[in-house]
1. Classify region B:99-142 from the C-alpha gyration tensor, please: rounded if a/c falls under 1.5, else prolate or oblate depending on whether a/b exceeds b/c.
2. From the label point of A:Thr149, set 7 Å from Cα along Cα→Cβ, how far away are the matching label points in the other copies, in nm, ordered shortest to longest?
3. Amide H of A:Leu157: which non-local residues (sequence gap of 5 or more, or other chain) have their own amide H closer than 5 Å, using H built in the peptide plane?
4. Please report the projected area of region B:72-151's Cα convex hull averaged over all directions, in nm².
5. Shortest first and in nm with one decimal, please list how far the B:Pro196 label point sits from its counterparts in the other copies (point 7 Å along Cα→Cβ).
6. Can you pull the accessible area of B:Lys30 for me, 1.4 Å probe, Å² to the nearest 10?
7. How large a share of the accessible area of chain B, in percent, is made up of carbon and sulfur atoms when the probe is 1.4 Å and the other protein chains stay in place?
8. When all alpha-carbon pairs of region A:1-90 are counted, what percent fall beyond 21 Å?
Protein chains: 2
Amino acid sequence: MFADDADHARLTARRKAGYERKQARATLEKGLLIVYTGPGKGKTTAAFGMALRAIGHGMSVGIIQFIKSDQDSAERLALSRFENVDFQTMGEGFTWQTQDRERDMAAAGRAWLEVERMINDPRYALVILDELNPVLNYGYLDLSRVLETCCQRRSDLHLVVTGRHAPPALVELADLVSEIRAVKHPYREQGVKAQPGIEF
Amino acid sequence: MFADDADHARLTARRKAGYERKQARATLEKGLLIVYTGPGKGKTTAAFGMALRAIGHGMSVGIIQFIKSDQDSAERLALSRFENVDFQTMGEGFTWQTQDRERDMAAAGRAWLEVERMINDPRYALVILDELNPVLNYGYLDLSRVLETCCQRRSDLHLVVTGRHAPPALVELADLVSEIRAVKHPYREQGVKAQPGIEF
């Protein structure tokens, strides 16, 4: 990548100067609304990685899972080691597994009440709304109510929303949106089954 | 999204059938080579989320950080709660901060010896090579040696490689590649500083 050491030194010095200029201008603190969306793998795992980081800072984390129903998931088990994590699994399984729209809507409504409770509790520094995007996309929750709650939260609370098909209005409101694309995902076609530590 | 309940039922039934067909065909177990790349935020956090999931299954996880040098990072602190995690921070800071190519190459070489140790140790089920991609892109490690080690690992060992600019040959070898795009990342331009739980 670099022609020689002098070239390397020149390029890295320029990057360092740019980085330091940016840091010097950045003085605000602000609770961020972060969205992980797109068809690739890694949205929920990225949110859990953020939970881990926040826990390491001694921050309290709320997690609401809108779709997953597994009370014994590996993530839940690992996070149960920490007292400052409130992990609520509110889903009733994947929507194409339940095949019951009314039941899914009722589950989403119950999950949203938990979200409101966490958002209004000043102890939480980070609240993760796992798989909220598809729930909004299916119309299982009122989008305007969700956006209003996000807007009106206290100014230092970080929110992370995951799932495919983030609604445009949520993207508009967000401070950071990462889209995960599946560049390559061949192994499922090769007969490799879902494995612990990877898919669940 | 759905015209009515019948429409919903039809679509979800079709998805469920497709999902079940795919599951029935998938019978192999295989250690996967997974790559998180791209300019967006979430690559390292997704890898740590995978670590958390593996830990929850009682699997042993090795983590090598090629670039980060912080011995007191929040992730490291949180993961120190688990005995089945071996977390090695081998970097010397970001490369444009050190501005010393020889030192960076020496650090990369030491880190790679740790990787080989973990890969050859049958206790590990998952080894995370955090920020290996930029190290390869800078030419700090011999790519063919890295690829050979990945190829020759035991068949049930999962590897996760993170960082921008994954080399094409690594993408070629990988079982799963997720690219994280920054759809929206405005807050750094608005003077919001790096915050605990978000950037570090």
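1. Details: a/c = 3.17, a/b = 2.11, b/c = 1.50.
Prolate.
2. Relative to the other copies, A:Thr149 has label-point distances of 4.7 nm.
3. A:Gly31
4. Numbers: hull surface 23.4 nm².
Hull-based average projected area comes out at 5.8 nm².
5. 3.5
6. Estimated to the nearest 10 Å², B:Lys30 gives 70 Å².
7. Working: 4310 of 8680 Å².
The value for chain B is 50 percent carbon and sulfur by accessible area.
8. Working: 2209 of 4005 pairs.
For region A:1-90, the share of Cα pairs beyond 21 Å comes to 55 percent.
The values are calculated or read from the model by the stated rules, or taken from the named source; none is laboratory data. Here the structure is a predicted model, which means the values were calculated and not measured. A quick note on method: Cβ atoms are made from the backbone with ideal geometry, for glycine too, and the neighbour counts reach across all protein chains shown. Areas reflect the complete protein model, heavy atoms only, side chains present, ligands, DNA and RNA absent. Shrake-Rupley method; radii C 1.70, N 1.55, O 1.52, S 1.80 Å.
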